[in-house]
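The values are calculated or read from the model by the stated rules, or taken from the named source; none is laboratory data. What you are looking at is a predicted structure, and each value in this text was computed from that prediction instead of being measured. Reconstructed Cβ throughout: ideal geometry from the backbone, glycine too, with neighbour counts over all protein chains shown.
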Amino acid sequence: MLVLNIRSAALLEGPEDQALDRLREWLTAPDDHTGRPGCLLAKATAELASENDAIATRSLAAYEMLLDSCRRLVEQAQRAGHVDPAADAEVLGGLILTTHRGLEALAKAGIDAKTRNRIADAAIDSIALPAS
């Protein structure tokens, strides 16, 4: 869980007017995703959480931490005027987290980085206010 804590904490660091960019960066895949192991959290949750209460508890805590980080970034983007301030930041954070997890699954299935990055851009663009 330490890697998740460091990674999500790093997402929160930076100026509020760059929060949406940090979310986009988090979703954007490197050009070469080969040889990267799958996410231990995703694999443990999918394969073991239904049979092991300790794993289910730790998985839930990790996902809640990631969801909170995404929510807080959306709130930063709202304060910066990049996301509608009336939008539900928790729901939008959940959309970003769900997109991230889905993109990870697509990568493991062999979907190319260009396609995944177009999806990532669409997700961020869908919550961003139009540029003025």
Worksheet item: Do we find that GLU51 is more than 29 Å from LEU129 (Cα to Cα) and either over 11 Å from the mean Cα position of the chain (by Cα) or modelled with pLDDT of 90 or more (or both) in this structure?
Response: yes
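Let's see how each residue does on (1) touching a residue at least 60 places away in the same chain (Cβ under 8 Å); (2) closer than 22 Å to MET65 by Cα:
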position: HIS82; (1), (2): yes, no
position: ALA87; (1), (2): no, yes
position: VAL91; (1), (2): no, yes
position: GLY94; (1), (2): no, yes
position: LEU97; (1), (2): no, yes
position: LEU106; (1), (2): no, no
position: ALA113; (1), (2): yes, no
Worksheet item: So which residues in segment 59-88 are within 19 Å of PRO15 (Cα to Cα) and surrounded by fewer than 20 Cβ atoms within 10 Å (Cβ to Cβ), if there are any at all?
Response: ASP68, ARG71, ARG72, GLU75, ARG79, ALA80, GLY81, ASP84, PRO85
